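Trainee: Structure below; questions to follow.
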Protein chains: 2
Amino acid sequence: MTKLLDKINGYDDLQALTLEQLTQLAEELRHLITHTVSRTGGHLASNLGIVELTLAMHRAFDFRRDRLLWDVGHQCYAHKILTGRRDAFSQLRQENGLSGFPSPAESDTDVFSVGHAGTAIATALGLALGAQHNGTNEKIVALVGDASIVNGLSFEALNNIGLVKRQLLIVLNDNSMAIDVTQGAMAKFLSRVRLSHTYEDLRDTTNRMLEHLPLIGRRMEETLENVKKTLRMAISPSRLFESLNIPYFGPIDGHDTASMIELFKGLSHLNGPALLHVYTKKGKGFTPADDNPRKYHSTGPFEINGCEEKIADGERTFTDAFGDGLVELAERDDKVIAITAAMPDGTGLVKFRERFKSRYYDVGIAESVAVDMAAGLAKQGLKPFVCIYSTFLQRSFDQIFQEASLQNLPVVFCIDRSGVVGNDGPTHHGLWDIGYLRLLPNLTIAAPADEWEMRQALSLAASYKSPFAIRYPKEKTPAKPYAEHTSYQLGKSAVLQHGDSDVVLVGLGTVVGQAMRAAQTLTQEGISVTVVNARFAKPLDESLLDWLREGKTVFTLEDHSIACGFGSALMELAAQTAHQLNDDRLRDGIGKIIPIGAQDAYLPAASRTRQLEWMGLTSEKIVEAVKHCRTQHIRTM
Amino acid sequence: MTKLLDKINGYDDLQALTLEQLTQLAEELRHLITHTVSRTGGHLASNLGIVELTLAMHRAFDFRRDRLLWDVGHQCYAHKILTGRRDAFSQLRQENGLSGFPSPAESDTDVFSVGHAGTAIATALGLALGAQHNGTNEKIVALVGDASIVNGLSFEALNNIGLVKRQLLIVLNDNSMAIDVTQGAMAKFLSRVRLSHTYEDLRDTTNRMLEHLPLIGRRMEETLENVKKTLRMAISPSRLFESLNIPYFGPIDGHDTASMIELFKGLSHLNGPALLHVYTKKGKGFTPADDNPRKYHSTGPFEINGCEEKIADGERTFTDAFGDGLVELAERDDKVIAITAAMPDGTGLVKFRERFKSRYYDVGIAESVAVDMAAGLAKQGLKPFVCIYSTFLQRSFDQIFQEASLQNLPVVFCIDRSGVVGNDGPTHHGLWDIGYLRLLPNLTIAAPADEWEMRQALSLAASYKSPFAIRYPKEKTPAKPYAEHTSYQLGKSAVLQHGDSDVVLVGLGTVVGQAMRAAQTLTQEGISVTVVNARFAKPLDESLLDWLREGKTVFTLEDHSIACGFGSALMELAAQTAHQLNDDRLRDGIGKIIPIGAQDAYLPAASRTRQLEWMGLTSEKIVEAVKHCRTQHIRTM
């Protein structure tokens, strides 16, 4: 099934194929992608939809020197396979394997590691200006989806595209789907354009554009005007982009490889920025994904059985716990509003959307406005819950500062994918949210360790009068509590287990589970340690300082960077308190804090467990650290 | 000169005035604003330009219940004077006085404290949705400038404005100026619209719109269509906004108070979002500001003498030192590129722009794309210097993460207005940049203490292969070095003075000056302290740990929040190093770090010196802290 693919090992091999062979190659690519993703998990529907577009780009451009910029980038699988990574592709998203996103470390044909939206046009703008300065003539192509183009960063880049006085092609890959049903004016605009064209029209459009090709050898400006005249239609899709002074071409059929190749070649000779609008069908060629592209947007491993498929029933996750908890809260309190930035599935809001349609908002991939909109809702006395992955919430840092923290408004931030995220790798880790949030006055940061605490945190947040963040990882919830639950109070920790050694493990969030398992092992080895669930990263429980006053060795355990993390906050609190109170016992205790968390480096894709191990957060690693420390202690006594 | 103003004490008084009186009132407001700003400093040109527009809004709406959202907000002076703050206005931007920006603490008619761009439409969106949920019918008005509407956040909000099914008026205050000459497609689009209309046309436009008023009592939908038909012109300004499904009205003359009042009243009955495009003239009515609105955008105190004016020659600032340093660097190295986000004056790039026009880019108020564009330029082997105030760089946090830090690209961040900023107050402080930057791997953070160090940092940054941040405050440079300069090396501190007491003052950046003055005073009182210039917040100089090993009391002094700051970083480094090396002396020393910086609260507007005093960073406060600590020490020995 990969007869042709087996012969492709780069640019020249691809050029040698006939158009018929390209059609076969597309099928082979789909086959390989589907079968690999069924084993490794990953993004399926978008990768199946973009196969012909990828082939056409690789035939029209030479990305050994030309530059291709991906946006978000999870749809780059065919590109990876075609650029010398076919064999490695079996290790997609695995430790020491291929990244699920573009990665310059793997290939020079990947220009940027990406994973966040809206960067393709923005970085292409910089590359084009750089080429302008350098006087080089490589072609630059920014490939952006209809979901990413609504991001503010895309708009800022489009608004500045006039700085470019050389070739720069923006390809709008419009699969009319985004991550979920895209709301918003841009989506409606694109769908009005779409409704005015059948697929037959598209064929005609393409043909009319091709009549004006080959453009080489003719005066481009003339041809450009002719092409554009030919394309004027009842609802002119050029209106929006040409208001912004960007020549618009299309829409064209993104599964017609031959026509696309010719168009790309023609447009590559334009001496300025241009936008080509391409329609593709998400999930094309694999019936289950074709029928249900949302389900197959990002998937775990599944079984292929003809057109049947089976996704293993997942165990209960923190996302589930959050989603159900928010629905329950909303049933009791009609002021609760949920906001997502194009991720209702990922953030667990599907039930909420079904149950409370009028209290649910999806703003598209636009995290900044999600937060400001929430601030406006909070001003009106409503209780907005903004549900965004930790890494994407970075886009809202300035809005969290000005519209939530400075105004002291009760916006609740529900931060899924906090901590390491496993196979999505470094573009997606949520390792900095405690740092960038605890900088800001008025903010509370809770990190529930189990489902009960999630519900407690949600209830507390709903009744609280200031901004409130709840962080939780991509992880299963524990089947049973680690200890009997004690009253859940703002800024209060809970002691889960008292030990008689001088070691205290203070865990924040789900790492409390690893701490408890480590404690069990240590007990078996005759070391009885105390385990504390910190529950909050801000405000910190001042009673934690008592462990230091008692001279205990305090390990702070957090699924977060050590820099600016929870352990760091504890040291700051201890240092300031010791100075204010002139508390010598506390002062002497500060040196006994041992912070465990992520070091100052990027953790590559691997399983989440493996990444926790690298951070020293598995129970085995915690046991090792405690024993190492006690050995030192005994040796130096 | 304020005869009428003296009688205005709120909404009802304003309603009682005739149109002729409103014209006089506008003059009185201009007079009061100009004379106050000549004493206090502040934003002048934009406030003079918006007087009639403000009056018209206050006549058409009742902002005791209707909501007015400002964008950036520095043009709210007339609004403040009209809403019960006329007397307080003499204390504009002073300690315990009025904020230079909207402030809900001062008046319920100020909905949000703002200072950053792009938030008006975004928060208005939330307020409108909230009103929709609550079933209330207050009118909501978002006032946005032509400089702010190009911000990605504005676009994200416009893209989602279709969620609103009730009244929401966006007023585009187009003074064709922005903070500096706005580049970009939106600006060109607006200027094409502008060029197609003379001021006479505007009068006609307004009249034609007014023909369709009063709208009350007529069916709005019909009228809306009629109004829009009447307005179609050769270059239809509605193209862009109507592509986004936002009804567009205008452009109209923003100095014709009577017509504006009628238009606002009419449009306030629309049952959905709409945009009204208003032309105003920045600096109107004060000849020097009228002639040179850029100079009077934001000004220090000046003298009014008929039409003459004088701005006191400033002493040399860090902004000057940076600007000159970058020009020198660019003369030696033709790869140096400068990027600003609409702030060439504020960030000291005017000379650079004049000297190296082709290596200078202004992307408008769009900090996110500034960083991604820089990353693209860096990929092409150029050396981009991104010049953005600390507080506004928060908008780029996610781009600094993904496009600079993760790719490890040599983008240089030149961060002016780091630390407290004085009279601009809490929306503008740069108190968190060390925190949000040191979280990210691969980043270097330098903080020059004088002009020589600024040049050294710039040279080092230009030759460095990773992202590099340089932070410096709104402050004068010291007239002479604090000590003889020692070689400037990455991540190395410099000892400025050795003392024989157990106290070490480690200052980062310009607070080294205060530390040296404190040391002089302490010497006179018989306490001889060591003073160290840390120079870098990341990487930290490991030799700083030796002071701890020696048992010294180490004060870390930083114009930054204590949370996640430089002192916090030193504690993290010490804790990890002590654990790794099993270094008991270091462990015992950690408790002797005393971090001095901003506490977890917002510092109000006041002089910068006063704010430093609140943080404990004036030389007097440092002396106090040292003496307090030594008293404790002696008492407890």
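The values are calculated or read from the model by the stated rules, or taken from the named source; none is laboratory data. In this text the structure is predicted, and so the values were computed from the model without any measurement. In this analysis, Cβ positions are derived from the backbone assuming ideal geometry, glycine residues included, and neighbour counts consider all displayed protein chains.
Trainee: Among the residues of segment A:122-139, write down those that are polar (S, T, N, Q), under 16 Å from A:ARG64 (Cα atoms) and at the interface with another protein chain (Cβ under 10 Å from one of its Cβ atoms).
Mentor: A:THR136
Trainee: Assess whether A:VAL503 counts as being more than 26 Å from A:TRP432 (Cβ to Cβ), in contact with a strand residue (DSSP E or B) (Cβ under 9 Å, 6 or more places away or on another chain) and either among the aromatic types (Phe, Trp, Tyr) or touching a residue at least 60 places away in the same chain (Cβ under 8 Å) (or both).
Mentor: So A:VAL503 fits the description; yes.
Trainee: Hey, another quick one. Could you say whether any residue in segment B:472-479 is among the β-branched types (Val, Ile, Thr), part of a loop (DSSP other than H, G, I, E, B) and more than 12 Å from chain A (Cβ to nearest Cβ)?
Mentor: Looking for residues that are among the β-branched types (Val, Ile, Thr), part of a loop (DSSP other than H, G, I, E, B) and more than 12 Å from chain A (Cβ to nearest Cβ), one finds at least one in segment B:472-479, hence yes.
Trainee: What number of residues in segment A:334-356 are closer than 28 Å to A:PHE155 by Cβ and assigned to a helix (DSSP H, G or I)? Don't jump to the end; show me each part of the working.
Mentor: First pass over segment A:334-356, keeping only residues closer than 28 Å to A:PHE155 by Cβ: A:337-347, A:349, A:353.
Applying the additional criterion that residues be assigned to a helix (DSSP H, G or I) yields A:353.
Residues that pass the stated criteria total 1.
Trainee: For segment B:347-365, which residues satisfy the criterion of being of a type in the set (Gly, Ala, Ser) and at pLDDT below 95?
Mentor: Filtering segment B:347-365 for residues of a type in the set (Gly, Ala, Ser) gives B:348, B:358, B:364.
Answer for segment B:347-365, where residues must be of a type in the set (Gly, Ala, Ser) and at pLDDT below 95: just B:GLY364.
Trainee: Could you say which residue among B:THR109, B:THR119 is at the interface with chain A (Cβ under 10 Å from one of its Cβ atoms), buried (at least 21 other Cβ atoms within 10 Å of the Cβ), in contact with a helix residue (DSSP H, G or I) (Cβ under 8 Å, 6 or more places away or on another chain) and of a type in the set (S, T, N, Q)?
Mentor: Criteria check complete, one pass: B:THR119.
Trainee: If you check every pair at least six apart or on different chains, which have Cβ atoms under 8 Å apart with a residue in segment A:130-152 that is free of Cβ contacts under 8 Å to residues at least 24 places away in the same chain first and a residue that is among the hydroxyl-bearing types (Ser, Thr, Tyr) second?
Mentor: Matching pairs, first to second residue: A:HIS133/B:SER358.
Trainee: What's the number of the only condition in (1) assigned to a strand (DSSP E or B); (2) within 14 Å of chain B (Cβ to nearest Cβ) that A:ALA469 fails to meet?
Mentor: (2)
Trainee: Residues in segment A:370-387: is at least one polar (S, T, N, Q) and surrounded by 24 or more Cβ atoms within 10 Å (Cβ to Cβ)?
Mentor: Looking through segment A:370-387, none of the residues is polar (S, T, N, Q) and surrounded by 24 or more Cβ atoms within 10 Å (Cβ to Cβ).
Trainee: Does B:GLY152 satisfy the criteria of being at pLDDT 70 or above, crowded, with 19+ Cβ neighbours inside 10 Å and on the phi > 0 side of the Ramachandran plot? Even if it seems obvious, please write down each step before you answer.
Mentor: Numbers: at pLDDT 70 or above: yes; crowded, with 19+ Cβ neighbours inside 10 Å: yes; on the phi > 0 side of the Ramachandran plot: no.
No: the conditions fail for B:GLY152.
Trainee: Quick test of your reading of the structure: B:TRP452 fulfils all but one of (1) without any contact (Cβ under 8 Å) to a residue 60 or more places away in the chain; (2) out of contact with any His (no Cβ under 6 Å at 6 or more places or on another chain). Name the failing condition by number.
Mentor: (2)
Trainee: Say whether the condition of being at pLDDT 90 or above, surrounded by fewer than 23 Cβ atoms within 10 Å (Cβ to Cβ) and within 14 Å of another protein chain (Cβ to nearest Cβ) is met by at least one residue in segment A:177-200.
Mentor: Checked segment A:177-200: no residue is at pLDDT 90 or above, surrounded by fewer than 23 Cβ atoms within 10 Å (Cβ to Cβ) and within 14 Å of another protein chain (Cβ to nearest Cβ).
Trainee: Another question, then. When you scan segment A:332-346, how many residues do you find that are at the interface with another protein chain (Cβ under 9 Å from one of its Cβ atoms) and either modelled with pLDDT under 95 or buried (at least 23 other Cβ atoms within 10 Å of the Cβ) (or both)?
Mentor: Residues flagged as at the interface with another protein chain (Cβ under 9 Å from one of its Cβ atoms) and either modelled with pLDDT under 95 or buried (at least 23 other Cβ atoms within 10 Å of the Cβ) (or both) within segment A:332-346 amount to 1.
The rows are residues; the columns are (1) more than 11 Å from every other protein chain (Cβ to nearest Cβ); (2) polar (S, T, N, Q); (3) within 18 Å of B:LEU612 (Cβ to Cβ); (4) over 19 Å from the mean Cα position of the chain (by Cα).
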residue: B:SER368; (1), (2), (3), (4): no, yes, no, no
residue: B:GLY376; (1), (2), (3), (4): no, no, no, yes
residue: B:THR391; (1), (2), (3), (4): no, yes, yes, no
residue: B:ARG395; (1), (2), (3), (4): no, no, no, no
residue: B:GLN407; (1), (2), (3), (4): no, yes, no, yes
residue: B:HIS428; (1), (2), (3), (4): no, no, yes, no
residue: B:LEU431; (1), (2), (3), (4): no, no, yes, no
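Trainee: If A:HIS79 meets every condition in (1) closer than 18 Å to A:THR36 by Cα; (2) assigned to a helix (DSSP H, G or I); (3) in contact with a Phe, Trp or Tyr (Cβ under 7 Å, 6 or more places away or on another chain) apart from one, which number is that one?
Mentor: (3) is the only condition that A:HIS79 fails.
Trainee: Consider B:ASP62 against the criteria (1) closer than 29 Å to B:LEU125 by Cα; (2) at pLDDT 95 or above; (3) buried (at least 17 other Cβ atoms within 10 Å of the Cβ): it satisfies all of them except one. Which criterion is unmet?
Mentor: Of everything listed in (1) closer than 29 Å to B:LEU125 by Cα; (2) at pLDDT 95 or above; (3) buried (at least 17 other Cβ atoms within 10 Å of the Cβ), B:ASP62 misses just condition (3).
Trainee: Working only within segment B:569-593, note down all residues that are within 25 Å of A:LEU440 (Cα to Cα) and surrounded by fewer than 23 Cβ atoms within 10 Å (Cβ to Cβ).
Mentor: B:LEU573
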